[in-house]
Amino acid sequence: EPQVEPDPSKKTLVILGTGWGSISLLKRLDTENYNVVVISPRNYFLFTPLLPSCTTGTVEHRSIMEPVRTILRQKKGRVTFYEAEASSIDPERKVVRIFDTSEIKGSTTETEVPYDMLVIGVGAENATFGIPGVREHSCFLKEIGDAQKIRKRIMDCVETAMFKDQSPEEIDRLLHMVVVGGGPTGVEFAGELQDFFQEDIKKLVPEIADRFRVTLIEALPNVLPMFSRQLIEYTERSFKEEKINIHTKTVVKKVNEKSVEAEVTRPDGTKETIVFPYGLLVWATGNAVRPVVRDLMSKIPAQKNSRRGLAVNEYLVVQGTRDIWAIGDCAVAGYAPTAQVAAQEGTFLARLFNNMAKTEALEEKIRHLSSSLNLEPGNSAEISQEIAELERKLRRIKDVKPFQYSHQGSLAYIGSEKAVADITWFNGNVAAAGSLTFLFWRSAYVSMCFSMRNKLLVINDWLKSKVFGRDLSRE
Ligand code: FAD
Ligand code: NAD
């Protein structure tokens, strides 16, 4: 049967997105309690922490993708998946408008999906702050396609720099890799790129050994603002040794096809514009609100003052709505937009929804017993006792504590087999950096990979790139 009607005795739970938040929810949700519908333009889960490693081939992209269909097959009951993007949500009529964004289209490309309960886990899009030229000329680093594009361009820059009779200035431009944004995405990418150059490109294309440069541009006075002071200093020192140029207090104002223009604030407070010619530009300046979320926010008066996403209450209910929850990067719950937060929020909602279903089942049972109380007066003592027990159970289940985030720590790879870590340990903080931390980073990330298949593929990729070097083919 290609289309099965939803079970009318169950509520329809629609989940938007297949990222960290939504997949964590699905993983722990007792799906047999609801008609579950998952909608996302991406039919896989992406393990984002290892995405920077895909830009250089340290890890192959398919090793960090897990097909949604594999995940859904393991669930009980029927879970429907539509590969589509939600374009708008109507909280009055309780429907989501969706459309097919993929290349192949059928005769139906747009339709509506009704919901009783809706979870929004659509993540965020790349912030550009309206800076001219960013969308046209730079690469982002958020999706698999972005990493593939970067990988291709790095080698294109190298091969074009080697083109016969290329001028020295043009060689320098082509081999200048500029990263904008000194958050963890920019820092991890810069580290991976420098590794690629040091460990592989330099050996195979020795002619460019002294010309390849990586520059990281950050608007604030330092990189990695969420890490502790000593780890920031460690990272900056390590980058200096690795010959990654860091330009802090430098704000990119304009992006041209072959150069970026940035305003630097000098120690005496004066401002100056510098132009950085580049071959590859990677833009990693954080998150912006997706259109579908902005559209919903504009329909809800209670969201008027929210800027960074959907304001939610302590149960992750979107403020000013009923039956709509938001998790992850699109929700504003007072936490950083990280995978760690999104995953915990998803898990919380799974528990909440499992409880809601149990509550309803218990309430139904109590109703049934109460009515039989009148019909069977002889058994009334027993029935009353049973009811009292169920009511106690119900109270226990209904007493769901609000969502509370538990921070496990921050980890980032900074290149040359070194990592930095701010770890929460027995209520205290431990800051660690270096090669041991790198091994910790690797083991932590492997253990977090979605499936055993992903874990083995990632380990295999690491071994392969260590033993044979990364692949320089520009595919
Ligand atoms: P996402 O994981 O982005 O998922 C959003 C989902 O919604 C996707 O499936 C998307 O296709 C789908 N979607 C988009 N638009 C629509 C629509 N209109 N309708 C329906 N579906 C839609 N965090 C950490 O804690 N640790 C790390 O090491 C780390 N490393 C990172 C490295 C990189 C390179 C990046 C980019 C991020 C990293 N993060 C890390 C941050 C982390 O990835 C995000 O915070 C996390 O992905 C947020 O989860 P989410 O579920 O909100 O969104
Ligand atoms: P971010 O928001 O953390 O950092 C973006 C940086 O870009 C900021 O420091 C900002 O000052 C700078 N910036 C903005 N505009 C600029 C401009 N015009 N010129 C120069 N600099 C500019 O973004 P991110 O690194 O993409 O991270 C996004 C989220 O994902 C964060 O919450 C982060 O913690 C999380 N993340 C975590 C990890 C990790 O834990 N290893 C890795 C990647 C991302």
Over the Cα atoms of region 152-251, what radius of gyration and what Dmax do you get, in Å? 14.5, 48
Inter-part distance where region 130-192 and region 404-427 are each reduced to a Cα centre, Å: 28
Residues listed by number, region 249-267, amide nitrogen under 20 Å from residue 233 label point at 7 Å toward C-beta: 249
Using alpha-carbon coordinates, inclination of helix 380-398 to the longest axis of the chain, degrees: 20
Once the other residues with Cβ under 13 Å from the Cβ of residue 68 are scored (Lys, Arg +1; Asp, Glu -1), what is the net sum? +3
Would you mind giving the three semi-axes, in whole Å and largest first, of the ellipsoid equivalent to region 161-214 according to its Cα gyration tensor? 23, 14, 6
Between residue 459 and residue 373, what is the label-to-label distance in nm when each label sits 7 Å out along the Cα-to-Cβ direction? 5.9
One point scatterer per Cα, no solvent, Debye formula: log10 I(q)/I(0) for region 1-120 at q = 0.19, 0.20, 0.22 Å⁻¹ comes out as -1.09, -1.18, -1.34
By per-residue mean of other Cβ atoms within 10 Å, what is the highest-first order of 23-35, 96-108? 23-35, 96-108
Gain in length, residue 382 to residue 76, computed as 0.36 nm per residue apart minus the alpha-carbon separation, to one decimal in nm? 106.7 nm
Which length gain, in nm to one decimal place, applies between residue 125 and residue 226 when the Cα-Cα distance is subtracted from 0.36 nm times their residue separation? 34.3 nm
With +1 assigned to the C-beta of every Lys and Arg and -1 to the C-beta of every Asp and Glu, and no other charges, what is the dipole magnitude of region 398-475 about the Cα centre in debye, to the nearest 20? 180
Could you state the angle between the C-alpha long axis of helix 339-375 and the longest principal axis of the C-alpha atoms of the chain, as a value from 0 to 90 degrees rounded to the nearest 10? 0
Here the convex hull volume per residue of the chain, taken over Cα atoms and given in Å³, is 189
Rounded Å value of the spacing that divides the Cα centres of region 23-79 and region 248-266: 38
Cα→Cβ-extended label distance, 7 Å offset, between residue 62 and residue 105, nm: 2.9
How far apart, in nm, are two points set 7 Å out from the Cα along the Cα-to-Cβ line at residue 336 and at residue 397? 3.8
Stretch gain in nm, segment residue 88-residue 317, where the contour uses 0.36 nm per residue and the Cα spacing is subtracted: 80.6 nm
With Rg and the Kirkwood Rh both taken from Cα atoms, where does Rg over Rh land for region 358-397? 1.00
Taking N as the residue count of region 182-311, its alpha carbon Rg divided by 2.2 N^0.38 Å gives 1.32
Specify the inter-centroid distance of region 295-311 and region 374-403, based on alpha-carbon positions, in whole Å. 40
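Rule-based calculations on the coordinates, nothing more; no lab input. Remember, it's a predicted structure, so these values are computed and weren't measured experimentally. Counting neighbours? That spans all protein chains shown, and the Cβs are built from the backbone with ideal geometry, glycine included.
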